[in-house]
Amino acid sequence: MADTKTVRVKVPATSANCGPGFDCLGFACTMYNEFSLALTEKEGLNFTITGDGAQNIPQDEYNIVWRSARYLLDRTRYGAIYKGGVITMHNNVPLSRGLGSSATAIIAGLEAANALIGNEFSRRDILQFANRIEGHPDNVAPAIFGGFTSSVVYRGRVQTFAFLPKLRLKFVAAIPDFTLPTRVAREVLPDKVTREDAIFNISRASMLIAALMSGNPFYFRNSLYDAIHEPYRMSLVPGMQDVFYAAKKNGALGATLSGAGPTLMAYTLERDHIAESVADAMVDAFEKNGVKAAAHVLSLDTRGAYVYS
Ligand code: HSE
């Protein structure tokens with residue numbers, strides 16, 4: 001068996017939690033990382049990494065694209081055949097900002113390796129592998145399927161409902177110029193929540209799905225609140241409340257902490273054409289709190305990870 005051809009993979013950024021759906025809801029948006037992978041029988045790894053945070057990404061066996069590719073190969077007979085690889089990564093999704101950059105790398109490694117060995121695994125299998133590697137499904141699921149996703153983990157297995165909402169939205173991602181590792185943002189969370197807070201979140205997460213599926217902006221607006229992670233993380237993102245307020249004052253339906261932060265994500269109706277002014281207002285509000293930020297107006301990615309040669 002010879003070395004493989006090269007496959008390319010494009011994977012969307014994702015925003016997890018969507019307010020009340022901690023560790024289970026997420027959506028994919030139109031910002032992409034691009035990867036390529038070829039497998040070699042000879043040991044040794046060759047990396048070309050460009051784009052955001054390129055200098056901070058390991059170029060050895062700890063590289064997450066390679067580790068994910070290996071994870072899949074080692075479950076097949078090809079694990080013993082392919083020992084090395086040639087990997088390129090181009091990052092448009094900023095690292096450690098709550099936009100699922102690590103999920104893009106995990107999905108890229110899994111999808112590319114799977115394509116190179118003749119697609120032995122389905123996307124549902126890829127989802128299981130990715131959840132085991134990442135530890136929660138809320139970024140990896142939308143990165144695979146696109147659209148919005150709602151996931152349940154039971155005894156280590158994920159079930160994901162992926163759907164395209166009736167509500168036509170534009171998203172505004174206000175991305176601060178500092179990083180916040182997910183591990184740090186999880187350390188500030190309490191181990192237990194009160195029944196009152198649990199009900200607060202369950203009711204809103206259910207309403208959020210209903211609003212998206214039925215296309216009702218009024219219910220959607222009222223669902224974008226959280227009691228179990230955002231309040232605790234507020235101290236890690238200076239100006240969070242002010243930025244939320246600025247987004248809403250300028251017509252956004254609401255705003256949430258994207259994943260573990262520090263990016264703040266505002267939701268606007270496509271038909272309102274206000275995303276640009278919401279973006280400016282969010283950047284200004286961050287600036288008033290001493291935080292430099294860049295805002296991107298994004299749409300829903302409806303396709304998910306995409307493999308091509
Ligand atoms: N849902 C996870 C969290 C992170 O909020 O900690 C997703 O990136």
Would you mind stating whether residue 200 is away from the ligand (no atom under 13 Å from the Cβ), surrounded by 14 or more Cβ atoms within 10 Å (Cβ to Cβ) and over 29 Å from residue 128 (Cα atoms)? yes
Would a scan of the range 196-207 turn up a residue that is in a helix (DSSP H, G or I), over 25 Å from residue 279 (Cβ atoms) and touching a strand residue (DSSP E or B) at 6+ places or on another chain (Cβ under 9 Å)? yes
So the strands (runs of 3 or more DSSP E) completely within the range 1-62 holding 3 or more residues that are within 16 Å of the ligand (Cβ to nearest atom) are 7-16, 25-40
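The rows are residues; the columns are (1) basic (Lys, Arg); (2) crowded, with 18+ Cβ neighbours inside 10 Å; (3) over 15 Å from residue 97 (Cα atoms).
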position: 174; (1), (2), (3): no, yes, no
position: 184; (1), (2), (3): no, no, no
position: 196; (1), (2), (3): no, no, yes
position: 212; (1), (2), (3): no, yes, yes
position: 215; (1), (2), (3): no, no, yes
position: 229; (1), (2), (3): no, yes, yes
For residue 16, indicate whether it is touching a residue at least 12 places away in the same chain (Cβ under 8 Å), among the aliphatic types (A, V, I, L, M) and buried (at least 24 other Cβ atoms within 10 Å of the Cβ). yes
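Of all the strands (runs of 3 or more DSSP E) wholly in the range 232-309, which have at least 1 residues that are under 23 Å from residue 197 (Cα atoms) and among the hydrophobic types (A, V, I, L, M, F, W, C)?
Result: 254-257, 264-269.
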Pairs with Cβ under 6 Å, 6+ apart, first in the range 204-215 and modelled with pLDDT of 95 or more, second part of a helix (DSSP H, G or I) and among the polar types (S, T, N, Q): 204/223; 207/223; 208/223; 211/223
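The values are calculated or read from the model by the stated rules, or taken from the named source; none is laboratory data. On a predicted model such as this, the values are computed, not experimentally measured, just so you know. Backbone-built Cβ (ideal geometry, glycine too); neighbour counts: all protein chains shown.
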